[in-house]
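**Student:** This structure is in structure tokens; I'll ask about it shortly.
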Amino acid sequence: MFSTLPLSDSASILHFGNRIDPAVNRQVHLLAAALALDPLPGVIETVPGYVSLVVHYDPLILNHAQVADWLACHSDSAESILTRPAQRIEVPVEYGGEDGLDLAFVAAYCHLTPAEVIRIHSETEYTVYMMGFSPGFAYMGKIPAALVTPRLETPRTCVHAGTVAIAGEQTGIYPIDSPGGWRLLGHTNLLPFMALRNPPFLFAPGDTILFRPERSAA
Amino acid sequence: MLEIITASILTTVQDAGRHGWQAFGVPVSGPMDAFAHRAANLLVGNPAEAAALEIGYSSAAFLAHQDCLIAAAGPGFTLTVNDRPMHMWTAVYVRENWRFQLDKTDSGNWATLAIHGGIQTPLVLGSRATYLRTTLGADPARPLQASDLIPIGAPSRPLLELASRTMPLRLNYSPNPTIHVIPGPQISCFTPASLSTFYASTYTISPTSDRIGYRLNGPALERTVTGELLSEGMVRGCIQIPADGLPIVMQADCPTTGGYPKIVSVISVSQPILAQVPVGTGEIRFAETTIEKAQAGYREMMNSLEKSIIQPLPDDYSW
């Protein structure tokens, strides 16, 4: 079901495939949950990807062969309970404007009007596949083929928290001010991450996300 | 309390790292030099993971508001307490109202200053490590600056019992080191010629480097596979090769995931050595090793660290 390689001398990486595929992604999360239910002392945490899983461990306690053996025991993971039930979340978005700098570019690239870009983006239901890049950043997919646009060649040095963006088959919301290479479509007041909020993170893998236009840029 | 009189260019609170939240995109952070961090904590009788100060790139000065026991570790810095030179890598007793400072005098980037009792800033997501992109470990999110007050935990032992403990063991810190690496998961994305170039060349650290990653200047590396990978987990030590072919070494604040091919990763024993290479001038060469040797070497280094701490007899005091 997966291959295992060292990522470093303190982590192993499992690969399940090489395309964004909901069934494969589900296998990743099921394995992560199964490993959490059968913990190996010395394993610190696991990080799911689209089609990958990284296992971080303490090399003072475990070596890579021991981790590989433990993983091999779980290659047929049964259904298991995810840590929090999947949620359906609506994200209100002001498309265009100061945080939607690439709306016109995406429209031109896809041979659509900006209104059509907004319609297609907001009428699609997305699944959260994985989290990474910044605290609380959820990778959501898949963007319909009609809207697939490559990322920037050179990332911007600062994209504001709350910016809604797309790149390839992915969409997401920047949780904190950071550099960013995705195409910017608009802004939401929902903050995916706040360190002292309960809960700190709004999104989790498995969630269904809908973007709701508040005011179009027409 | 400890008061900052002069902050260095980048002074932050770091414990051993913020673990358990990488699946939500939260970096581990923690010290750039895990060896010096661990040594300083053990010298003052703290748990190895205790929060300490990381002093980056330049000199810093402090005022003790109470009697305390400190230890400073890291290459390129010297310690002066109450105007007297003191040893680095040694537990030093500091009296209330004494000033002490760490001066940057030689090659090296990061010093750890540990204090018995540990730094007691608030835990955020279970850790005191600082990630300045957001309010993790620092609120407002900024480096420490002059007049900041650092809370210290109550002593768990009489401080004078621990004073003068010292550690003769050192890592092979060098401004021109050989850094050992193991193959990365995407090493097959690189041409044999590129791999030969990588191992035969010297690289320097670009001034655009920071706690997130060290960008290297040197020969660019050519990929056999263009286009991007799907984002997947990453770890400190991984060397990513973006489109321009110049290596980026992931450091303490690196993102939890990434989409560039990872050619090799720096082994844990070599990570502190690389972190301390002088920006711009230090020349780095890479050499391949096996994961078995890397992990065995790491265990030996960390286990011998604690064993190497010695308590001099009173007659041995040199001052």
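**Student:** Averaging sequence separations of C-alpha pairs under 8 Å and six or more residues apart, then dividing by the length of the stretch A:1-131, give the relative contact order as a whole percent.
**Tutor:** Dividing the mean separation by the residue count of the stretch A:1-131 yields 24 percent.
**Student:** For q = 0.16 Å⁻¹, what log10 I(q)/I(0) does chain A give under the Debye formula with an equal point scatterer on each alpha carbon and no solvent?
**Tutor:** -1.07
**Student:** Given the alpha-carbon gyration tensor of the protein assembly as shown, what are the semi-axes of its equivalent ellipsoid in whole angstrom, ordered largest first, with each equal to the square root of 5 times an eigenvalue?
**Tutor:** Each semi-axis is √(5λ); the values are 42, 26, 23 Å.
**Student:** Further, regarding this structure: Which of A:Thr157, A:Ala11, A:Val51 sits farthest toward the positive end of the charge dipole of chain A, with +1 on the Cβ of Lys and Arg and -1 on the Cβ of Asp and Glu?
**Tutor:** Of the options given, the answer is A:Thr157.
**Student:** Further, regarding this structure: Which residue, chosen from B:Gly259, B:Gly56, B:Ala220, occupies the Cα position most advanced towards the positive end of the dipole of chain B, where the dipole is computed from +1 (Lys, Arg) and -1 (Asp, Glu) charges on Cβ about the Cα centre?
**Tutor:** Positive-most Cα among the choices belongs to B:Gly259.
**Student:** Below 20 Å, Cα to Cα, which lysines can B:Lys104 reach? Residues fewer than 8 away in the same chain don't count.
**Tutor:** none
**Student:** In a GNM of chain A with a 10 Å cut-off on Cα contacts, which of A:His29, A:His121, A:His111 has the highest mean-square fluctuation?
**Tutor:** In this elastic network of chain A, the residue with the biggest mean-square fluctuation among A:His29, A:His121, A:His111 is A:His111.
**Student:** Is there a quick way to get the dipole size of the stretch B:62-119? I mean about its Cα centre, with the Cβ of Lys and Arg at +1 and of Asp and Glu at -1; what is the value in debye to the nearest 20?
**Tutor:** Taking the Cα centre of the stretch B:62-119 as origin, the dipole is about 0 debye.
**Student:** Taking the inverse of the average 1/r across all pairs of different Cα atoms in the stretch B:15-136, what Kirkwood radius in Å do you get?
**Tutor:** Over the stretch B:15-136, the inverse of the mean reciprocal pair distance is 14.7 Å.
**Student:** Given the options B:Leu42, B:Leu149, B:Leu229, which has the most mean-square fluctuation in a GNM of chain B, springs set between C-alpha atoms less than 10 angstrom apart?
**Tutor:** Most flexible of the set in this elastic network: B:Leu229.
**Student:** Let me ask you something else. Given Cβ point charges of +1 (Lys, Arg) and -1 (Asp, Glu) and nothing else, what value in debye, to the nearest 20, does the dipole of the protein assembly as shown about its Cα centre take?
**Tutor:** For this selection, approximately 180 debye.
**Student:** Could I ask something else about it? Rounded to the nearest 0.05, what FRET efficiency do A:Asp69 and B:Glu161 have when you use their Cβ-Cβ distance and R0 = 51 Å?
**Tutor:** So, using R0 = 51 Å, E works out to roughly 0.70.
**Student:** Here's something else I'd like to know. Kindly identify the stretch A:132-206 as rounded, prolate or oblate by the Cα gyration tensor criterion: order the square roots of the eigenvalues as a ≥ b ≥ c, call it rounded if a/c is under 1.5, otherwise compare a/b with b/c, prolate if a/b is larger, else oblate.
**Tutor:** The shape class here is oblate.
**Student:** Among the lysines, select those whose C-alpha is under 28 Å from the C-alpha of A:Lys142, and discard any that sit fewer than 8 residues away in the same chain.
**Tutor:** B:Lys262
**Student:** Compute the FRET efficiency between A:Leu5 and B:Ile9 as 1/(1 + (r/R0)^6), taking r as their Cβ-Cβ distance and R0 = 35 Å, and round to the nearest 0.05.
**Tutor:** FRET efficiency, A:Leu5 to B:Ile9: 0.40.
**Student:** Can you check how the C-alpha radius of gyration of the stretch A:87-212 compares to 2.2 N^0.38 Å, as a plain ratio?
**Tutor:** 0.96
**Student:** Please name whichever of B:Met167, B:Pro75, B:Gly233 sits farthest to the positive end of the charge dipole of chain B, dipole taken about the Cα centre and charges placed at Cβ: Lys and Arg +1, Asp and Glu -1.
**Tutor:** Of B:Met167, B:Pro75, B:Gly233, it is B:Gly233.
**Student:** Compute the semi-axes of the equivalent ellipsoid of chain B, taking the square root of 5 times each eigenvalue of the Cα gyration tensor, and list them largest first in whole Å.
**Tutor:** Computed over chain B, the values are 36, 21, 17 Å.
**Student:** Let me make sure I get this right: for the stretch A:97-163, a, b and c are the square roots of the gyration tensor eigenvalues over alpha carbons, sorted descending. Under 1.5 in a/c it's rounded, otherwise prolate if a/b > b/c, else oblate. Which is it?
**Tutor:** Cα axes put the stretch A:97-163 in the oblate bin.
**Student:** Once each part is reduced to its C-alpha centroid, what is the distance from the stretch B:201-249 to the stretch B:57-71 in angstrom?
**Tutor:** That distance is 36 Å.
**Student:** Counting only C-alpha contacts under 8 Å and six or more residues apart, can you give the relative contact order of the stretch B:31-176 as a whole percent?
**Tutor:** The value is 28 percent.
**Student:** For chain B, what proportion of DSSP beta bridges, expressed in % and rounded to the nearest 5, is antiparallel?
**Tutor:** 95
**Student:** Find the relative contact order for the stretch A:89-200 and round it to a whole percent, using C-alpha pairs within less than 8 Å whose residues are 6+ positions apart.
**Tutor:** 30
**Student:** Let me ask something else. Would you please give the residues with an amide H less than 5 Å from that of B:Thr257, counting only those at least 5 places away or on a separate chain, with H modeled from the backbone geometry?
**Tutor:** For B:Thr257, whose amide H was placed from the backbone, the distant partners under 5 Å are A:Phe133, B:Met234.
**Student:** Assign unit charges at the C-beta atoms only (+1 for Lys and Arg, -1 for Asp and Glu), then state the dipole size of the stretch A:117-199 relative to its Cα centre in Debye, rounded to the nearest 20.
**Tutor:** 60
The numbers here are math on the coordinates, done by the rules we state, and not lab data. Quick caveat, the model's predicted, so the values are computed rather than measured. Ideal geometry is used to build each Cβ from the backbone, glycine not excepted, and the neighbour counts take in all protein chains shown.
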